[in-house]
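Take a look at the structure below.
The values are calculated or read from the model by the stated rules, or taken from the named source; none is laboratory data. These numbers come from a predicted model, not from an experiment. So basically every Cβ, Gly included, is an ideal-geometry build from the backbone, and we count neighbours across all protein chains shown.
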Amino acid sequence: MSEHFPALQVLLPVLTAPLCLLLRHPTLVRVLSLAVTVGCLGISLALMEQAREVGTVVYEFGNWPRPLGIEYAVDTTNAFVLVIVSMIAAVVLPIGCRNSQVPEGREYLFYSAFLLCFGGLLGVAITGDVFNIFVFLEISSLATYILIAMGRDRRAIMAAYSYLIVGTIGATFLLIGIGLLYQMTGTLNIADLAVRLEDVKETRTVIVAFAFAMVGISIKLAVLPLHHWLPNAYTHAPPVVSAFLSATATKVAYYLMLRFIYTILGAGFVFDVLQFDVILTPLSLAAMFIGSLAAIYQTDFKRLLAYSSIAQIGYMTLGLSLNSELGAAAGIVHLFNHALMKGGLFLVAGCVLLRVGSTAIVDMRGLGSRMPLTASALVIAGLGMIGVPGTVGFVSKWALVSAALDQQAWQITVLILLSSLLALVYVWRLIEVMYLTEAPEGAERREAPPLYLIPTWILVLASVYFGFNTESTLGVARAAAHQLLGGAG
Amino acid sequence: MNEVLLSVMLPLCGAVLVAVTGRNANLRDAMTVVTSLVTFAVVASIAPQVMDGARPSAEVLQVLPGVSLAFRIEPLGMLFGLVASSLWIVTSIYAFGYMRGHHEANQTRFFVCFAIAISAALGIAFSANLFTLFLFYEAMTFSTYPLVTHHGTPEAKRAGRVYLGILVTTSVAFLLFAVLWTYSLVGHLEFRSGGILSGHIEGTALAILLGLFAFGLGKAALMPFHRWLPAAMVAPTPVSALLHAVAVVKAGVFSMVKILVYVFGIDFLHDSGASVWLMYLAAASILIASVRAIAMENLKARLAYSTISQLSYITLGAALATSSAVLGAGMHIAMHAVGKITLFFCAGAIYVAAHKSEISQLDGLGRRMPITFAAFFLGSLSIIGVPPTGGAWSKWYLALGAAEGHQLVFVFVLMLSSLLSIAYLMPIVVRGFFRPSPEGEEGGMQEASLAMVVPLSITAVGSVALFLFAPQLRELLLPVVGG
């Protein structure tokens, strides 16, 4: 059984999705989806275990060897991403599709879309075939557009529509890049690509292919100038969807970037010949500052979180652009850490939306006494965003600054520390509103239900726990980076 | 459980107990007193071991390779721990009198945050490495923020922003940078006798690293990062007393001494001359803050500037990096704590009993509040540094240290600063006792409640008692300088 885990990891959610459409019974569908996400979490943890033992777990579909068949290849890096995706899914899904436009009795539509999105993301992360990546990316993206459009605000539809356009452009760019690579090498398998590209690397076609693929991935990842779809999408989607997407979708895109740069093309080519860091470093730094500054001026809590995500993505790509093992590890560990913090914060937004009816910051006045548990969850997760020691945010900051110092990149070190101070401003604005401002007249004091609070607090407490226990996060990230950079470079 | 861990955890447990019993005010306040007594007993029980040369330690967990959450009690930390935990008892009692006498709201939150801040102070005191110190240093900043903004007024909110803005900015931009830099140079962050940096860094880079540490410790209120301290005076007086005369600011200067002694090493600093600029900056901070204090009309603001000036004594002592100077710096942590807390207690008592906060309103008040003003007088003597008060000894050692390091100009600075502190403290006593009361305010005794008068009397007597206990303090601290 356990040798089929790579296949089950993806097939389970993808096949359950149509099953949900057939079953239609709300409770049944709900329980089934939950069981699937929990099962996927178990599988991803088992895969992580296997990958740590043998290096790379290879699974050939239908026993067709490559390049004929499709191959799944799990090493520490994508096992880590699989764990992040399935963990967040298992934690947030119990909340379900409250606060959305989904009419009663048709919840199964939400669950099947969610499972498709979930399965697609897992597929992107697990597969060892670049065309397969594109296919799964489209599956997850199409499901994502549906999920975003379910937001209870009519603006959600517009947000989904504009994301659809931009996302399709991104996918097309990626496809063009993949096509050009196929043209040059005649293979779609990642391991084969890495070998065969050695001889043709310096050709213009491969350089163009790289450029197309990077732009395509950057759109999905929302790297700074290509980030415009993100704030609207995250703001108007249902809270559970925002929490899930912010914690997983961009993470998978980041993983793709790692895979293309380190495994397929090789760091030597990307950074020394093409000098990709000359573009990526300034863009990352700009994202850190512009994203945080924009977050400071937002009037809506969810929108603030969305802009903060853009800044956090800047930290991840900065780690990548440092072109070192420490830098890549800092980026990888931040995937996990950011997923916990931002997922938790979006769930807090969900609690607020449920009880207050809006996520405008002015409506959060006096939340400290109206919803003490929700407000304190926000405080703890917010301290993580600032990077206070004892939270995961500090671990990320520590790893990233260590990586920058290791390369004697003094300016970058200073900029990282300064930009993290901007987080203090936007988090503290919320805290002042919640604790130091009187609640509006007639506001009811009512805490969110346990169904919301438990997932929120799981993520928040995890963000403290992993602030102290870094062996299973930073330790794994370092191992992953070592494997990634050592395998091909 | 290890008694080192116990002493850090106890105030946290106290915080939980206070939060749970919040509905019943008497029970809640009893919890605070009991916790503070037990905490002090535990801390005090460790002291004899440390005096005998033991270094009780506890490692909680390894967070990163070479970086762990760990405690190790050395003499300097023992001293700070004793000061913080003993004054917590007195301040708690005082706070009950103040908060009730003043009908403050949100008292439960107040005492919860107070206990957390004390736990953070003990964590800083007992930290075995820079990471642990940084962790508790930040915890203290965030746990005291609700205390500073306690009143929730726009003014308190503004002060809270200044407070958090300066303390977090300096700690993240400078202190964290310095910690990480040290880590990348040395590969670990342990505090060790003789320092860890020697041989890893030199020249300008060393001076820059020292600057990052010195300014990163914003709680030491070294100019130009001192503005948060006067701003924090908007808090209720017990907060100003314990936190902004003892725990918070002392956490800053204590960390300064600890880092200069155990990370840089005093011999390394002294030989490389990297800290000369810091001596001059500290001296400037001493004099400028003293002069500013004279100009302050508000009693608490004057005490705040006096604190800034006195804190720089300790920074100066550490920067001089001679054994007497470091000894003096360590002693001054205790001496100034007891003296200044007395002055703040008096300011609070005057505010609650007579509703006066400006110095010009104090005419003749000493005759109606003789105990308070007598205590104020004793506390002032200690701050000025004249016998028979503890402050005399620390100033003596500081001056001796300056002379040892052939930096006679700082002996002069210390003397001048004493004169200035006479100029800003004595007029208050003189007004209280010798000026006639304003029309219609004569009358009999009008002291604040016992819960306030007793603590301030205790600390006033304490600042005299420390004059007699100086030899013990010196003996405790001698191993710090390798004597």
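Regarding residue B:179, is this residue facing chain A (nearest Cβ under 8 Å) and in contact with a Gly (Cβ under 9 Å, 6 or more places away or on another chain)? Answer is no for this residue. Among the residues of the stretch A:404-413, the one identified as more than 10 Å from chain B (Cβ to nearest Cβ), aliphatic (A, V, I, L, M) and in a helix (DSSP H, G or I) is A:412. The conditions of being modelled with pLDDT of 90 or more, within 11 Å of chain B (Cβ to nearest Cβ), surrounded by fewer than 21 Cβ atoms within 10 Å (Cβ to Cβ) and in a helix (DSSP H, G or I) are not met by residue A:401. Among A:66, A:52, which is of a type outside the set (Phe, Trp, Tyr), in a loop (DSSP other than H, G, I, E, B) and in contact (Cβ under 8 Å) with a residue 12 or more places away in the chain? One residue alone meets the criteria, A:66.
Scanning the stretch A:423-445 for residues that are away from chain B (no Cβ under 11 Å) and under 27 Å from the mean Cα position of the chain (by Cα) yields A:426, A:430. The residues on offer are B:274, B:283, and the sole one that is crowded, with 24+ Cβ neighbours inside 10 Å, closer than 26 Å to residue B:79 by Cα and hydrophobic (A, V, I, L, M, F, W, C) is B:283. Does any residue in the stretch B:398-411 that is at negative phi come within less than 7 Å, Cβ to Cβ, of a residue that is not in a helix (DSSP H, G or I) six or more places away or on a different chain, and which pairs are these? Every condition considered, the pairs that remain are B:401/B:322; B:404/B:322; B:405/B:322. Could you please let me know if residue A:416 is at the interface with chain B (Cβ under 10 Å from one of its Cβ atoms) and not hydroxyl-bearing (Ser, Thr, Tyr)? Here the answer is yes, as residue A:416 does meet what is asked. Could you count how many residues in the stretch A:222-248 are crowded, with 24+ Cβ neighbours inside 10 Å and either under 25 Å from residue A:96 (Cβ atoms) or among the charged types (D, E, K, R) (or both)? Qualifying residue count for the region: 18.
If you go through the stretch A:277-298 and pick out every residue that is touching a residue at least 12 places away in the same chain (Cβ under 8 Å) and surrounded by fewer than 23 Cβ atoms within 10 Å (Cβ to Cβ), you end up with 11. Annotation: residue A:177 fulfils all but one of (1) under 29 Å from residue A:4 (Cα atoms); (2) crowded, with 22+ Cβ neighbours inside 10 Å; (3) not β-branched (Val, Ile, Thr); the unmet one is (1). One residue is enough: does the stretch B:78-99 have a residue meeting the conditions of a type in the set (Gly, Ala, Ser), over 28 Å from residue B:477 (Cβ atoms) and surrounded by fewer than 22 Cβ atoms within 10 Å (Cβ to Cβ)? No; the residues of the stretch B:78-99 include none that is of a type in the set (Gly, Ala, Ser), over 28 Å from residue B:477 (Cβ atoms) and surrounded by fewer than 22 Cβ atoms within 10 Å (Cβ to Cβ).
Only one entry in B:213, B:225 is of a type in the set (Phe, Trp, Tyr), touching a helix residue (DSSP H, G or I) at 6+ places or on another chain (Cβ under 7 Å) and assigned to a helix (DSSP H, G or I), namely B:213. Only one residue in B:54, B:105, B:115, B:120 is without any contact (Cβ under 8 Å) to a residue 12 or more places away in the chain, aliphatic (A, V, I, L, M) and within 30 Å of residue B:314 (Cα to Cα). Which one? Answer to the check: B:54. Of all residues in the stretch B:454-466, none satisfies being over 27 Å from residue B:89 (Cβ atoms) and modelled with pLDDT under 90. Residues that are touching a Leu at 6+ places or on another chain (Cβ under 9 Å), away from chain A (no Cβ under 14 Å) and within 12 Å of residue B:126 (Cβ to Cβ) were ranked within the stretch B:47-72; the one that is surrounded by the fewest Cβ atoms within 10 Å (Cβ to Cβ) is B:58. Within the stretch B:151-167, residues that are more than 18 Å from residue B:105 (Cα to Cα) and at the interface with chain A (Cβ under 9 Å from one of its Cβ atoms) sit with their Cβ atoms under 8 Å from residues that are part of a helix (DSSP H, G or I) and polar (S, T, N, Q), at 6+ positions apart or across chains, in these pairs: B:164/B:141.
The set of residues in the stretch A:446-474 that are within 11 Å of chain B (Cβ to nearest Cβ) and touching a residue at least 60 places away in the same chain (Cβ under 8 Å) comprises A:466, A:467, A:468, A:470, A:473, A:474. Go through the stretch B:177-204 and report how many residues are in contact with a Ser or Thr (Cβ under 9 Å, 6 or more places away or on another chain) and part of a helix (DSSP H, G or I). The number of residues fulfilling the criteria is 6.
If you filter the stretch A:85-110 down to residues that are modelled with pLDDT of 90 or more and out of contact with any Pro (no Cβ under 7 Å at 6 or more places or on another chain), you find that the one that is surrounded by the fewest Cβ atoms within 10 Å (Cβ to Cβ) is A:90. For the stretch A:375-389, the condition holds for at least one residue, the condition being that it is touching a residue at least 60 places away in the same chain (Cβ under 8 Å), within 11 Å of another protein chain (Cβ to nearest Cβ) and out of contact with any Gly (no Cβ under 7 Å at 6 or more places or on another chain).
Of the residues contained in the stretch B:436-444, none is found to be surrounded by fewer than 24 Cβ atoms within 10 Å (Cβ to Cβ) and within 19 Å of residue B:241 (Cα to Cα). Within the stretch A:340-374, if we keep just the residues that are within 24 Å of the chain's Cα centre (by Cα) and of a type in the set (Gly, Ala, Ser), the residue that is farthest from the other protein chains (Cβ to nearest Cβ) turns out to be A:350.
Restricted to the stretch A:276-301, and to residues there that are of a type in the set (Val, Ile, Thr) and under 28 Å from residue A:262 (Cβ atoms), the residue that is farthest from the chain's Cα centre (by Cα) is A:278. Applying the selection to the stretch B:118-174, what residues are among the hydroxyl-bearing types (Ser, Thr, Tyr), farther than 16 Å from residue B:84 by Cα and not in a helix (DSSP H, G or I)? B:149, B:153 - these are the residues of the stretch B:118-174 that are among the hydroxyl-bearing types (Ser, Thr, Tyr), farther than 16 Å from residue B:84 by Cα and not in a helix (DSSP H, G or I).
Scan the stretch A:414-445 residue by residue and report those that are in a loop (DSSP other than H, G, I, E, B) and either free of Cβ contacts under 8 Å to residues at least 40 places away in the same chain or not acidic (Asp, Glu) (or both). Matches in the stretch A:414-445: A:436, A:437, A:439, A:440, A:441, A:442, A:443, A:445. Hey, does the stretch B:202-222 have a residue that's of a type in the set (S, T, N, Q), within 30 Å of residue B:65 (Cβ to Cβ) and either within 11 Å of chain A (Cβ to nearest Cβ) or in contact with a Pro (Cβ under 9 Å, 6 or more places away or on another chain) (or both)? The answer is no; no qualifying residue exists.
The numbered conditions (1) within 12 Å of chain A (Cβ to nearest Cβ); (2) over 24 Å from residue B:261 (Cα atoms) are all true for residue B:114 except (1). Kindly indicate whether residue A:58 is modelled with pLDDT under 90 and surrounded by fewer than 15 Cβ atoms within 10 Å (Cβ to Cβ). Judged against the criteria, residue A:58 is not a match.
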